[in-house]
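Mind having a look at this structure? Questions to follow.
The values are calculated or read from the model by the stated rules, or taken from the named source; none is laboratory data. Not measured: the values here are computed from a predicted model. Because the Cβ atoms are built from the backbone with ideal geometry, glycine has one as well, and the counts that use them run over all protein chains shown.
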Amino acid sequence: MNLRRVGAIVLRQYYLMRGSPTRLVPLFAWVAIDIVLWGFLARYLSGIAPQGPNFTLTLLGAVLLWDFFTRIMHGVTTAFLEDVWSRNFLNLFATPLAVSEYVSGLVLTSIVTSLIGLAVMLLLATSLFGFSFFAYGAMFAPFVIVLFLFGIALGIVASALVLRLGPASEWLIWPIPALLSPFAAVFYPLSVLPGWMRWIAYVLPPSYVFEGMRALVAGQPFNATALVWGAALATLQIAIAYGLFVRIYRSTVRSGLLARYSAESVA
C-alpha cells in the first residue's frame, strides 16, 4: 500500500471542503441539533423524576455515541459519493491507485471529519448540560472504538451498495443508522426486545456498547467480555465489508458498468 496515494485521497477531500465551506455545515449542524434537543429532554425528565436514573448520562450519552457512529458511517459514504457525483471513478482507477488505498483514504477522511463532530458534541453536551464523559471512566474509549469500527464497516458496505446499484440508490444508505437503531437498543435494554429482534442485536456491535453504558450508569457489574466480543464482531465485519467492496468493484470493471457509470445506472 502506497501511503502517498492514500494521502492523495484525503487531500482531495480537504480541497473539496476548503473550496466549498457549505460541505462543513453537516459536520456541526445536525449533531448540534441532536445534542440540544435531547439535552433539554434529559433535563426535563430529570426535573420531573429527580430520584430516577441519570438521564443526562443515559439519554444524552446514548445520543452522543450514536451520532458519532452515524458520523463515521456517513463520513465514509459521503467521501465516496463525492466521486459518484463528479463521475470521477475512471479518472481515479485509470491511475495505479489500488482499491485498498482508495478505501483507506475514505476511512481516514471519515476519521478526521468524525472526530471534529465528536469534539463539537462533547463541547455542547458539557457546556450546556453538564455532561461528562469521565463518568464512564476508562470505558469511554472502548465504547467509541467499537462504534468507530462498526461505522467503518457499515460505511464500506453502503459504498459498495451504491457502486453496484448506481447513484440512484444513494437514498437507500442515508436511513441505514435509523433502521438499525431499534435493534441496537440505543435507548433501552435488550431485554425489552422480542426474541427475533434480539438475535439481530447480537450481531450488531453497538448493542454491546449501549448495554455496557447503561450498566455503568446504573452501577451494575460491567461485562467486559461482551464488549470484547462486540469489538471482534466489528473487526470481522470490516474485513467482510472490504471483501464485498473489492468483489463488487471487480464485477463492475468486468461488466463495464464502471465505464458507464451515470445517474441512470441503477441496475
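Which members of the stretch 120-154 meet the condition of being within 15 Å of the chain's Cα centre (by Cα) and under 15 Å from Ile33 (Cα atoms)?
Met121
So which residues in the stretch 193-207 are under 19 Å from Gly230 (Cβ atoms) and either outside any loop (DSSP other than H, G, I, E, B) or of a type in the set (Val, Ile, Thr) (or both), if there are any at all?
Once the filter is applied, which keeps residues that are under 19 Å from Gly230 (Cβ atoms) and either outside any loop (DSSP other than H, G, I, E, B) or of a type in the set (Val, Ile, Thr) (or both), the stretch 193-207 yields Met197, Arg198, Trp199, Ile200, Ala201, Val203, Pro205, Pro206, Ser207.
Still on this model: List the residue pairs whose Cβ atoms are under 7 Å apart, where the first residue sits in the stretch 34-58 and is under 17 Å from Leu122 (Cβ atoms) and of a type in the set (Asp, Glu), the second is in a helix (DSSP H, G or I) and at pLDDT 70 or above, and the two are 6 or more positions apart or on different chains.
That search, which allows pairs on different chains as well, returns Asp34/Val63; Asp34/Asp67.
Consider Ala263 against the criteria (1) modelled with pLDDT of 75 or more; (2) touching a helix residue (DSSP H, G or I) at 6+ places or on another chain (Cβ under 6 Å); (3) surrounded by fewer than 16 Cβ atoms within 10 Å (Cβ to Cβ): it satisfies all of them except one. Which criterion is unmet?
(1)
Right, something else. Pick out the one residue from Leu108, Leu123, Leu57 that is farther than 24 Å from Gly212 by Cα and part of a helix (DSSP H, G or I).
When all the criteria are applied, what remains is Leu108.
If I ask for residues that are modelled with pLDDT of 80 or more and surrounded by 14 or more Cβ atoms within 10 Å (Cβ to Cβ), which ones from the stretch 216-231 would you list?
Ala226, Leu227, Trp229, Gly230, Ala231
Can you pull out every residue in the stretch 148-173 that is modelled with pLDDT of 85 or more and either in contact with a His (Cβ under 6 Å, 6 or more places away or on another chain) or among the polar types (S, T, N, Q) (or both)?
Ser159
In addition: Taking only the stretch 76-109 into account, find how many residues are in contact with a helix residue (DSSP H, G or I) (Cβ under 7 Å, 6 or more places away or on another chain) and at pLDDT 75 or above.
20
Another one. Restricting the search to the stretch 150-171, which residues are surrounded by 22 or more Cβ atoms within 10 Å (Cβ to Cβ) and of a type in the set (S, T, N, Q)?
Ser159
Scan the stretch 30-50 and tell me whether some residue there is of a type in the set (Asp, Glu), farther than 30 Å from Gly256 by Cβ and surrounded by 14 or more Cβ atoms within 10 Å (Cβ to Cβ).
Yes, that holds for at least one residue.
Can you name the residue in the stretch 19-62 that is closer than 21 Å to Leu147 by Cα and of a type in the set (Ser, Thr, Tyr) and, of all such residues, is modelled with the lowest pLDDT?
Only one residue fits best here, namely Thr56.
Here's something else I'd like to know. Scan Ile176, Ile145 and give me the residue that is surrounded by fewer than 17 Cβ atoms within 10 Å (Cβ to Cβ) and either under 14 Å from Thr70 (Cβ atoms) or modelled with pLDDT of 85 or more (or both).
Answer to the check: Ile145.
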